[in-house]
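*Asks:* Sending over a structure as C-alpha coordinates; questions will come in a sec.
The values are calculated or read from the model by the stated rules, or taken from the named source; none is laboratory data. Remember, predicted model here, so these are calculated numbers, not experimental data. Counting neighbours? That spans all protein chains shown, and the Cβs are built from the backbone with ideal geometry, glycine included. Ligands, DNA and RNA are excluded from the accessible area calculation, which covers all protein heavy atoms including side chains. Shrake-Rupley method; radii C 1.70, N 1.55, O 1.52, S 1.80 Å.
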Amino acid sequence: MNYTVIGTGAIGGYYGGRLMKAGRTVRFLLRSDYEYVREHGLQIDSCDGSFHLDGVEAYNDTRQMPKTDVVLVCLKSINNDKLREMLPPILKEDTLVVLIQNGIGVEEDLQKEFPQLQIVAGLAFICSSKVSPGRVSHQCYGSINLGNYSCKDELFHELLKDFQESGIEAAEVPYLEARWKKAVWNMPFNGMTVALNTSTDKLLMNPATRQLIYDQMMEVVGAANALGVTALTSEFADKMMAMTDAMVPYSPSMKLDYDNRRRMEIPYLYTRPIAEAKKVGFDMPKLAMLEAELIFLESLY
(Lines give C-alpha, C1' and ligand atoms only; values in the text may rest on other atoms or scores of the structure.)
Protein backbone atom coordinates (compact mmCIF):
# COMPACT_ATOMS: atom_id res chain seq x y z
CA MET A 1 0.00 0.00 0.00
CA ASN A 2 1.07 3.61 -0.52
CA TYR A 3 0.78 6.22 2.21
CA THR A 4 0.08 9.92 2.64
CA VAL A 5 1.08 11.68 5.86
CA ILE A 6 -0.98 14.71 6.85
CA GLY A 7 0.97 16.57 9.51
CA THR A 8 4.66 15.82 9.15
CA GLY A 9 5.78 16.64 12.67
CA ALA A 10 7.14 14.57 15.53
CA ILE A 11 4.67 11.72 14.95
CA GLY A 12 4.03 11.84 11.21
CA GLY A 13 7.71 12.35 10.45
CA TYR A 14 8.71 9.36 12.55
CA TYR A 15 6.13 6.77 11.47
CA GLY A 16 6.03 7.98 7.87
CA GLY A 17 9.82 7.97 7.85
CA ARG A 18 9.93 4.37 9.10
CA LEU A 19 7.52 3.28 6.38
CA MET A 20 9.51 5.08 3.66
CA LYS A 21 12.80 3.67 4.94
CA ALA A 22 11.30 0.17 4.62
CA GLY A 23 10.48 0.79 0.96
CA ARG A 24 6.86 1.92 1.08
CA THR A 25 5.76 4.82 -1.09
CA VAL A 26 5.08 7.68 1.31
CA ARG A 27 4.01 11.22 0.47
CA PHE A 28 4.32 13.95 3.08
CA LEU A 29 2.16 17.04 3.51
CA LEU A 30 4.12 19.87 5.13
CA ARG A 31 3.64 23.51 5.99
CA SER A 32 6.50 25.65 7.30
CA ASP A 33 9.34 23.35 6.25
CA TYR A 34 7.93 22.26 2.88
CA GLU A 35 10.72 23.88 0.83
CA TYR A 36 13.42 22.62 3.21
CA VAL A 37 12.28 18.99 3.13
CA ARG A 38 11.76 19.06 -0.61
CA GLU A 39 15.39 20.13 -1.04
CA HIS A 40 17.15 18.42 1.89
CA GLY A 41 14.93 15.47 2.86
CA LEU A 42 13.98 14.23 6.32
CA GLN A 43 16.36 13.44 9.19
CA ILE A 44 15.19 11.09 11.94
CA ASP A 45 17.47 11.14 15.00
CA SER A 46 16.37 7.98 16.77
CA CYS A 47 17.36 6.07 19.88
CA ASP A 48 16.81 2.97 17.74
CA GLY A 49 19.21 4.13 15.02
CA SER A 50 19.19 7.42 13.14
CA PHE A 51 18.54 7.66 9.40
CA HIS A 52 18.17 10.21 6.62
CA LEU A 53 15.64 10.13 3.81
CA ASP A 54 16.47 11.75 0.47
CA GLY A 55 14.07 12.25 -2.41
CA VAL A 56 11.10 12.84 -0.14
CA GLU A 57 7.78 13.33 -1.95
CA ALA A 58 6.89 16.63 -0.26
CA TYR A 59 3.72 18.63 -0.86
CA ASN A 60 2.08 21.67 0.69
CA ASP A 61 -1.46 21.16 -0.63
CA THR A 62 -3.49 17.93 -0.85
CA ARG A 63 -5.04 19.17 -4.10
CA GLN A 64 -1.64 18.56 -5.71
CA MET A 65 -1.26 15.04 -4.29
CA PRO A 66 -2.19 11.71 -5.93
CA LYS A 67 -4.98 9.63 -4.47
CA THR A 68 -3.73 7.24 -1.83
CA ASP A 69 -4.35 3.87 -0.20
CA VAL A 70 -3.73 5.03 3.38
CA VAL A 71 -3.79 8.44 5.04
CA LEU A 72 -1.95 8.87 8.32
CA VAL A 73 -3.55 11.88 10.02
CA CYS A 74 -0.99 13.24 12.47
CA LEU A 75 -2.47 16.70 12.96
CA LYS A 76 -3.37 17.92 16.43
CA SER A 77 -7.04 17.07 16.98
CA ILE A 78 -7.96 20.75 17.33
CA ASN A 79 -7.27 21.05 13.58
CA ASN A 80 -9.62 18.24 12.53
CA ASP A 81 -12.10 20.72 11.08
CA LYS A 82 -9.59 21.19 8.25
CA LEU A 83 -9.93 17.54 7.22
CA ARG A 84 -13.24 18.16 5.46
CA GLU A 85 -11.24 20.09 2.82
CA MET A 86 -7.90 18.29 3.03
CA LEU A 87 -9.08 14.69 2.66
CA PRO A 88 -11.37 14.62 -0.43
CA PRO A 89 -8.64 15.28 -3.06
CA ILE A 90 -6.62 12.22 -1.93
CA LEU A 91 -9.42 9.75 -1.19
CA LYS A 92 -10.22 6.71 -3.34
CA GLU A 93 -13.28 4.52 -2.85
CA ASP A 94 -11.45 2.26 -0.38
CA THR A 95 -8.89 4.64 1.19
CA LEU A 96 -8.10 3.86 4.81
CA VAL A 97 -7.59 6.76 7.24
CA VAL A 98 -5.55 6.25 10.42
CA LEU A 99 -6.05 8.92 13.08
CA ILE A 100 -2.77 8.97 15.03
CA GLN A 101 -4.11 11.51 17.50
CA ASN A 102 -4.85 12.04 21.17
CA GLY A 103 -8.28 12.01 22.71
CA ILE A 104 -11.69 10.37 22.73
CA GLY A 105 -14.29 10.75 19.96
CA VAL A 106 -12.14 11.78 16.99
CA GLU A 107 -13.16 8.75 14.90
CA GLU A 108 -16.86 9.21 15.64
CA ASP A 109 -16.78 12.85 14.53
CA LEU A 110 -14.80 12.12 11.35
CA GLN A 111 -17.20 9.31 10.43
CA LYS A 112 -20.09 11.79 10.61
CA GLU A 113 -18.25 13.99 8.08
CA PHE A 114 -17.34 11.01 5.82
CA PRO A 115 -19.90 8.22 6.38
CA GLN A 116 -18.29 5.76 3.91
CA LEU A 117 -14.72 6.25 5.13
CA GLN A 118 -12.74 3.34 6.57
CA ILE A 119 -11.17 4.55 9.83
CA VAL A 120 -8.57 3.16 12.22
CA ALA A 121 -7.39 4.63 15.52
CA GLY A 122 -3.62 4.92 15.97
CA LEU A 123 -2.41 5.27 19.56
CA ALA A 124 1.30 6.05 19.67
CA PHE A 125 3.40 5.40 22.77
CA ILE A 126 6.46 7.46 21.88
CA CYS A 127 8.68 10.29 23.07
CA SER A 128 9.36 12.30 19.94
CA SER A 129 9.61 15.96 18.96
CA LYS A 130 10.27 18.04 15.88
CA VAL A 131 13.40 20.01 16.72
CA SER A 132 14.05 21.95 13.50
CA PRO A 133 12.91 22.00 9.85
CA GLY A 134 12.94 18.46 8.48
CA ARG A 135 14.39 17.00 11.69
CA VAL A 136 12.64 14.71 14.19
CA SER A 137 14.17 13.66 17.50
CA HIS A 138 12.92 10.25 18.64
CA GLN A 139 14.03 9.87 22.27
CA CYS A 140 12.45 6.61 23.44
CA TYR A 141 9.67 4.05 22.94
CA GLY A 142 7.86 4.11 19.58
CA SER A 143 5.16 1.42 19.67
CA ILE A 144 1.67 2.00 18.32
CA ASN A 145 -1.66 0.34 19.07
CA LEU A 146 -4.10 0.13 16.16
CA GLY A 147 -7.82 -0.07 16.88
CA ASN A 148 -10.21 -0.90 14.05
CA TYR A 149 -13.12 1.56 14.06
CA SER A 150 -14.77 0.97 10.66
CA CYS A 151 -12.22 -0.72 8.41
CA LYS A 152 -12.50 -3.98 6.47
CA ASP A 153 -10.51 -6.68 8.26
CA GLU A 154 -8.37 -7.47 5.21
CA LEU A 155 -7.23 -3.86 4.82
CA PHE A 156 -6.68 -3.46 8.54
CA HIS A 157 -4.37 -6.46 8.74
CA GLU A 158 -2.46 -5.32 5.65
CA LEU A 159 -1.88 -2.01 7.42
CA LEU A 160 -0.74 -3.80 10.59
CA LYS A 161 1.67 -5.95 8.56
CA ASP A 162 3.16 -2.90 6.79
CA PHE A 163 3.85 -1.21 10.13
CA GLN A 164 5.41 -4.32 11.63
CA GLU A 165 7.58 -4.98 8.57
CA SER A 166 8.82 -1.38 8.78
CA GLY A 167 10.34 -2.02 12.21
CA ILE A 168 7.47 -0.43 14.12
CA GLU A 169 6.18 -2.30 17.17
CA ALA A 170 2.50 -2.33 16.19
CA ALA A 171 -0.30 -4.30 17.82
CA GLU A 172 -4.01 -4.79 17.20
CA VAL A 173 -6.08 -3.66 20.19
CA PRO A 174 -9.91 -3.41 20.42
CA TYR A 175 -10.86 0.12 19.39
CA LEU A 176 -12.37 1.51 22.58
CA GLU A 177 -9.76 -0.20 24.74
CA ALA A 178 -6.98 1.33 22.62
CA ARG A 179 -8.38 4.86 22.95
CA TRP A 180 -8.86 4.67 26.74
CA LYS A 181 -5.48 3.00 27.30
CA LYS A 182 -3.79 6.02 25.72
CA ALA A 183 -5.96 8.34 27.83
CA VAL A 184 -4.59 6.74 31.01
CA TRP A 185 -1.24 8.41 30.28
CA ASN A 186 -2.38 11.41 28.26
CA MET A 187 -4.97 12.92 30.55
CA PRO A 188 -2.77 13.18 33.68
CA PHE A 189 0.61 14.01 32.12
CA ASN A 190 -0.34 16.40 29.33
CA GLY A 191 -2.41 18.64 31.57
CA MET A 192 -0.31 18.42 34.72
CA THR A 193 2.92 19.44 32.97
CA VAL A 194 1.06 22.54 31.79
CA ALA A 195 -0.73 23.37 35.05
CA LEU A 196 2.44 23.01 37.14
CA ASN A 197 4.88 24.17 34.41
CA THR A 198 7.09 21.09 34.73
CA SER A 199 8.14 17.83 33.07
CA THR A 200 7.11 14.21 33.55
CA ASP A 201 10.09 13.20 35.70
CA LYS A 202 9.57 15.99 38.23
CA LEU A 203 5.90 15.13 38.61
CA LEU A 204 6.83 11.58 39.57
CA MET A 205 9.73 12.50 41.85
CA ASN A 206 7.47 14.47 44.19
CA PRO A 207 5.34 12.18 46.41
CA ALA A 208 2.33 14.52 46.38
CA THR A 209 2.13 14.93 42.60
CA ARG A 210 3.04 11.29 42.04
CA GLN A 211 -0.02 10.26 44.04
CA LEU A 212 -2.18 12.82 42.22
CA ILE A 213 -1.03 11.49 38.83
CA TYR A 214 -1.90 7.95 39.91
CA ASP A 215 -5.31 9.05 41.22
CA GLN A 216 -6.01 10.71 37.87
CA MET A 217 -4.96 7.56 36.03
CA MET A 218 -7.42 5.57 38.13
CA GLU A 219 -10.19 8.02 37.23
CA VAL A 220 -9.51 7.19 33.58
CA VAL A 221 -9.51 3.45 34.34
CA GLY A 222 -12.80 3.86 36.20
CA ALA A 223 -14.36 5.80 33.33
CA ALA A 224 -13.24 3.16 30.83
CA ASN A 225 -14.68 0.39 32.99
CA ALA A 226 -17.99 2.26 33.26
CA LEU A 227 -18.06 2.45 29.45
CA GLY A 228 -17.51 -1.29 29.12
CA VAL A 229 -13.72 -1.50 28.73
CA THR A 230 -13.22 -4.22 31.33
CA ALA A 231 -9.66 -5.09 30.20
CA LEU A 232 -8.35 -1.83 31.67
CA THR A 233 -7.27 -2.31 35.32
CA SER A 234 -5.03 -0.78 37.96
CA GLU A 235 -2.23 -3.01 36.65
CA PHE A 236 -2.17 -0.95 33.45
CA ALA A 237 -1.91 2.26 35.48
CA ASP A 238 1.00 0.70 37.39
CA LYS A 239 2.63 -0.16 34.05
CA MET A 240 2.24 3.43 32.80
CA MET A 241 3.82 4.78 35.99
CA ALA A 242 6.78 2.42 35.64
CA MET A 243 7.15 3.25 31.94
CA THR A 244 7.23 6.97 32.72
CA ASP A 245 9.77 6.43 35.51
CA ALA A 246 12.04 4.78 32.95
CA MET A 247 11.66 7.32 30.16
CA VAL A 248 13.81 10.38 29.61
CA PRO A 249 12.51 13.64 31.17
CA TYR A 250 9.81 14.68 28.76
CA SER A 251 7.53 17.59 27.93
CA PRO A 252 4.35 16.23 26.28
CA SER A 253 2.84 17.84 23.21
CA MET A 254 0.35 19.90 25.22
CA LYS A 255 3.17 21.44 27.25
CA LEU A 256 4.97 22.41 24.04
CA ASP A 257 1.74 23.92 22.70
CA TYR A 258 1.26 25.90 25.90
CA ASP A 259 4.86 27.14 25.93
CA ASN A 260 4.39 28.39 22.36
CA ARG A 261 0.95 29.83 23.10
CA ARG A 262 -0.81 27.49 20.69
CA ARG A 263 -4.31 26.12 21.22
CA MET A 264 -4.25 23.05 23.43
CA GLU A 265 -6.08 19.78 22.70
CA ILE A 266 -8.52 20.30 25.54
CA PRO A 267 -11.78 19.33 23.70
CA TYR A 268 -10.89 15.73 22.77
CA LEU A 269 -8.36 15.12 25.53
CA TYR A 270 -10.51 16.34 28.46
CA THR A 271 -13.96 17.72 27.65
CA ARG A 272 -15.13 14.77 25.53
CA PRO A 273 -13.94 11.87 27.73
CA ILE A 274 -15.24 13.58 30.89
CA ALA A 275 -18.63 14.05 29.18
CA GLU A 276 -18.70 10.45 27.86
CA ALA A 277 -18.02 9.11 31.36
CA LYS A 278 -20.69 11.37 32.85
CA LYS A 279 -23.28 9.96 30.42
CA VAL A 280 -22.90 6.55 32.10
CA GLY A 281 -22.87 8.00 35.61
CA PHE A 282 -19.12 8.16 36.25
CA ASP A 283 -17.53 11.41 37.44
CA MET A 284 -13.86 12.37 36.99
CA PRO A 285 -13.49 15.20 39.56
CA LYS A 286 -9.69 15.51 39.60
CA LEU A 287 -9.49 15.57 35.82
CA ALA A 288 -12.47 17.92 35.56
CA MET A 289 -10.58 20.32 37.83
CA LEU A 290 -7.50 19.96 35.63
CA GLU A 291 -9.64 20.69 32.55
CA ALA A 292 -10.90 23.93 34.17
CA GLU A 293 -7.31 24.98 34.98
CA LEU A 294 -6.23 24.38 31.38
CA ILE A 295 -9.15 26.38 29.99
CA PHE A 296 -8.21 29.24 32.31
CA LEU A 297 -4.51 29.14 31.36
CA GLU A 298 -5.35 29.12 27.65
CA SER A 299 -7.64 32.12 28.13
CA LEU A 300 -4.64 34.15 29.32
CA TYR A 301 -2.78 33.92 26.00
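*Asks:* Write down, largest first, the equivalent ellipsoid semi-axes of the range 42-160 in whole Å, where each equals the square root of 5 times an eigenvalue of the alpha-carbon gyration tensor.
*Replies:* In descending order the semi-axes read 25, 18, 14 Å.
*Asks:* If you don't mind, another one. So what's the range 152-191 giving for Rg/Rh, alpha carbon basis, Kirkwood Rh from the mean inverse pair distance?
*Replies:* Looking at the range 152-191, the ratio lands at 1.11.
*Asks:* Sticking with this structure for a sec: How long is the range 51-105 along each principal axis, judged by its Cα atoms, biggest number first, in Å?
*Replies:* Result, largest extent first: 36, 30, 20 Å.
*Asks:* Next up: Rolling a 1.4 angstrom probe over the protein heavy atoms, how many square angstrom per residue are accessible across the chain?
*Replies:* Dividing the accessible area of the chain by its residue count gives 43 Å².
*Asks:* Residues of the range 30-47 with the amide nitrogen closer than 18 Å to a label point 7 Å from the Cα of SER132, along Cα-to-Cβ, please.
*Replies:* Hits in the range 30-47 for SER132 at 18 Å: 32-47.
*Asks:* In percent, how large is the relative contact order of the chain, given Cα pairs closer than 8 Å and 6 or more residues apart?
*Replies:* 16
*Asks:* Evaluated at 25 °C with a viscosity of 0.890 mPa s, what Stokes-Einstein diffusion coefficient in µm²/s does the range 231-301 have when Rh comes from the Kirkwood expression over alpha-carbon pairs?
*Replies:* The diffusion coefficient I find is 173 µm²/s.
*Asks:* Based on the Cβ-Cβ distance from LYS67 to LEU196, what FRET efficiency comes out when R0 is 51 Å, to the nearest 0.05?
*Replies:* Here the calculated transfer efficiency is 0.65.
*Asks:* Sketch the reach of a paramagnetic label on GLU85 as a point 7 Å from Cα along Cα-to-Cβ, and name the residues of the range 14-45 whose backbone nitrogen lies under 18 Å away.
*Replies:* 29-32
*Asks:* Looking at the P(r) of the range 95-164, how many percent of alpha-carbon pairs lie beyond 18 Å?
*Replies:* 47
*Asks:* In µm²/s, what is D for the range 168-301 at 25 °C and 0.890 mPa s, where D = kT/(6 pi eta Rh) by Stokes-Einstein and Rh is the Kirkwood radius from Cα pairs?
*Replies:* For the chosen part, D equals 162 µm²/s.
*Asks:* For the range 14-56, what Kirkwood radius comes out of the mean inverse Cα-Cα distance, in Å?
*Replies:* Final number for the Kirkwood radius of the range 14-56 is 10.8 Å.
*Asks:* Something else about it: If you average the C-alpha positions of the range 179-221 and of the range 267-301 separately, how far apart do those two centres end up, in angstrom?
*Replies:* Their Cα centres are 14 Å away from one another.
*Asks:* Tell me the Rg and the Dmax, in Å, that the Cα atoms of the range 86-240 produce.
*Replies:* 17.1, 53
*Asks:* To continue, here is another question. Using the alpha-carbon atoms, what tilt in degrees (0 to 90, nearest 10) does helix 207-226 show relative to the longest principal axis of the chain?
*Replies:* Between helix and principal axis, roughly 70 degrees.
*Asks:* Between ASN197, ASN148, ASN186, where does the largest GNM mean-square fluctuation fall for the chain, given springs only between Cα atoms within less than 10 Å?
*Replies:* ASN197
*Asks:* Over 10 Å intervals from 0, what percent of Cα-Cα pairs in the chain sits in each interval?
*Replies:* Per 10 Å bin, starting at zero, the Cα-Cα P(r) for the chain comes out as 6, 28, 36, 23, 6, 0 percent.
*Asks:* Let me ask something else about it. Relative contact order for the range 36-133: what is it in percent, counting Cα pairs under 8 Å that are at least 6 residues apart?
*Replies:* Contact order relative to length: 22 percent.
*Asks:* Next up: Which of MET187, MET264, MET241 moves the most in a Gaussian network model of the chain with Cα springs under 10 Å?
*Replies:* So, out of MET187, MET264, MET241, the one fluctuating most is MET241.
*Asks:* Nearest 10 degrees, 0 to 90: what angle lies between the long axis of helix 234-246 and the longest principal axis of the chain (Cα atoms)?
*Replies:* Result, in degrees: 70.
*Asks:* I'd like the FRET efficiency for ASN2 and SER234, computed as 1/(1 + (r/R0)^6) with the beta carbon distance as r and R0 of 35 Å, rounded to 0.05.
*Replies:* So the FRET efficiency works out to roughly 0.25.
*Asks:* Which distance in nm do the two modelled labels at ALA22 and ARG210 give, with both placed 7 Å along the Cα-to-Cβ direction?
*Replies:* In this crude spin-label approximation the distance works out to 3.7 nm.
*Asks:* Taking a 1.4 Å probe, which of LYS130, LYS279 shows the most accessible area, and what order do the others take after it?
*Replies:* Greatest to least solvent exposure: LYS279, LYS130.
*Asks:* Can you pull the Rg over Rh of the range 1-85, Cα-only, Kirkwood?
*Replies:* Using only Cα positions, Rg/Rh for the range 1-85 is 0.94.
*Asks:* In deg cm²/dmol and to the nearest 500, what is the mean residue ellipticity at 222 nm of the chain if only DSSP H runs of at least 4 residues count, each as -39500 (n - 2.57), divided by the residue total?
*Replies:* Taking each H run of at least 4 residues, the total per residue is -13500 deg cm²/dmol.
*Asks:* What does DSSP give for the chain in terms of the percent of beta bridges that are antiparallel, rounded to the nearest 5?
*Replies:* Once the DSSP bridges in the chain are tallied, antiparallel ones form about 35 percent.
*Asks:* Can you work out the base-10 log of I(q)/I(0) for the range 207-268 at q = 0.14, 0.17, 0.22, 0.28 1/Å, using the Debye formula on its C-alpha atoms alone?
*Replies:* Ignoring solvent entirely, the Cα scatterers give -0.56, -0.79, -1.05, -1.10.
*Asks:* Still on this structure: Against the longest principal axis of the chain, how steep is helix 175-195, in degrees 0 to 90 to the nearest 10, with axes from Cα atoms?
*Replies:* It is inclined by approximately 70 degrees.
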